[in-house]
Amino acid sequence: MSLPVERDSANTVRNARRRVRADRLSGLSAATGRDNPCPYKFLSDELLNAESRIRHGYAQVGDVRLHYAESGDAAKPLVLLLHGFPECWYSWRHQLAALGEQFHAVAPDLRGYNLSDKPADVSDYRLPRLVDDVLGLVRHLGQHSAAVVGHDWGAGIAWAAAREHPTIVSRLVALQVPPFRAWRDNFSLRQLARSWYMLFFQLPRLP
């Protein structure tokens, strides 16, 4: 009869650890006046351990304040992880923990997302402004260059940053998005049909 008791006890301990971690993240929210950077109240044991190696911070980059999550020693080579749409830093949580063992891995919330500032003007989200955010974050983190990893829309920003500032982007990893010229040269009606959502999101006065 002892086995169920031991199992219940273990479950109680795990749930308590999850609540403690969630409370710590809620404490960060109270201190910053911002929403909880962790979107789930209870975390799995694996993710709980990964979260314990992730820190949170803010960078004033030009006229916006960007939230970021980081892992690893700040003295090590910098790796920036740029999320896609409609995501946030949390999509890189597993990569942050793994990369942090050998690099300084940083995943920002891009402007307009999650805990980062959300300018009201549409022009504030044009590609050059987003590239400037990447450069500003590199400088804020005390580095002159970084390996940049981008997924989806983050990959589009990464391609632009590498093209315009090759000395700052030391390595480039682009997931799911080709360089603009390759996309343009291979554009077709079939591709247009697959990319309908990008046009839809640009329609004015629609949610």
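The values are calculated or read from the model by the stated rules, or taken from the named source; none is laboratory data. This one's a predicted model, so the numbers in the text were calculated from it and none came from an experiment. Note: ideal-geometry Cβ built from the backbone for every residue, glycine included; neighbour counts use all protein chains shown.
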In a helix (DSSP H, G or I) and charged (D, E, K, R) - does that describe any residue in the range 100-113?
-> no
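Residues are listed down the side, and each one gets a yes or a no for (1) touching a Cys at 6+ places or on another chain (Cβ under 6 Å); (2) over 15 Å from L141 (Cα atoms); (3) modelled with pLDDT of 90 or more:
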position: A16; (1), (2), (3): no, yes, no
position: A50; (1), (2), (3): no, yes, no
position: A59; (1), (2), (3): no, no, yes
position: L66; (1), (2), (3): no, no, yes
position: Q95; (1), (2), (3): no, yes, yes
Per the filter on the range 141-186, residues on the phi > 0 side of the Ramachandran plot and polar (S, T, N, Q) are Q176
Return yes or no: is A120 in a loop (DSSP other than H, G, I, E, B), on the phi < 0 side of the Ramachandran plot and of a type in the set (A, V, I, L, M, F, W, C)?
-> yes
How many residues does the range 74-101 hold that are in contact with a His (Cβ under 6 Å, 6 or more places away or on another chain) and either polar (S, T, N, Q) or farther than 21 Å from I168 by Cβ (or both)?
-> 2
Flag for D124 being surrounded by fewer than 20 Cβ atoms within 10 Å (Cβ to Cβ) and either in contact (Cβ under 8 Å) with a residue 12 or more places away in the chain or assigned by TED's automatic domain parsing to the domain that holds V149 (or both) | yes
Single residue of V131, V138, V149, V173 found to be touching an Asp or Glu at 6+ places or on another chain (Cβ under 7 Å), in contact (Cβ under 8 Å) with a residue 12 or more places away in the chain, assigned by TED's automatic domain parsing to the domain that holds P77 and not in a loop (DSSP other than H, G, I, E, B) | V131
Those residues of the range 171-207 which are of a type in the set (K, R), more than 23 Å from V122 (Cα to Cα) and surrounded by fewer than 11 Cβ atoms within 10 Å (Cβ to Cβ), in sequence order = R181, R184, R190, R194
